[in-house]
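Data block below; observations after.
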Amino acid sequence: GAGGGAGDDGGVAAAAVEARLLMHEAAMRAREEKACAGLLILAAYYGDVQAALAEAGEAADEEEVAVGPAAAGQARGWLDVRVALQFAVSRSSLRLPAGSKAGLRGFATVRPAPPTADGHCAPCELWLRYEIAGEVRTLCVEDAAPVLLGRASAARGAR
């Protein structure tokens, strides 16, 4: 939206609703990808990634971890975006443009975590664990960085 600021919680609620709308289609795409050893998003967090991973704990290793609503981590400065990212997978590839991910379907502007005692602020990042061709990988990028995963990136590197 154009007017951020104090009303960001509405965007987070909208992201949670959006994730529920995308869930059925995302599940179908996940089944298709699994059938062809394509790109499966196992877990994905946006915002304060360290806080999200700390809260998810070892559960991030399990495929079923991230079915909850997108708003689950909002008070803590992060969103679960697994459903939104699986929905965005097309033909075993995931492409996200450079620039903030907050405007993408199923995403929202997250409230930054308060700085730590030494003044450190957690960066806004996108973290994902994914499986392609039976191999599990992890990626963490800054919010503004582009993302290219899957068959498209493999084709680019294979010459």
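Brief remarks follow.
- Using the average count of surrounding beta-carbon atoms within 10 Å as a protection proxy, the listed peptides 133-141, 83-91 rank, highest first, as 83-91, 133-141.
- Computed FRET value (nearest 0.05) for V17 with R95, which takes r as the C-beta separation and R₀ as 25 Å: 0.55
- FRET efficiency for A51 and R137, using Cβ-Cβ distance with R0 set to 22 Å, rounded to 0.05: 0.50
- Scattering profile of region 80-159 at q = 0.12, 0.13, 0.17, 0.25 Å⁻¹ [log10 I(q)/I(0), Debye over alpha-carbon scatterers]: -0.41, -0.48, -0.75, -1.35
- For A144 and E32, a Förster radius of 35 Å and the Cβ-Cβ distance give a FRET efficiency of 0.70, rounded to the nearest 0.05.
No value in this document is a laboratory result; all are computed from the given coordinates. Keep in mind the model is a prediction, meaning the values are calculated, not measured. With ideal geometry, Cβ positions are generated from the backbone for all residues, glycine too; neighbour counts draw on all protein chains shown.
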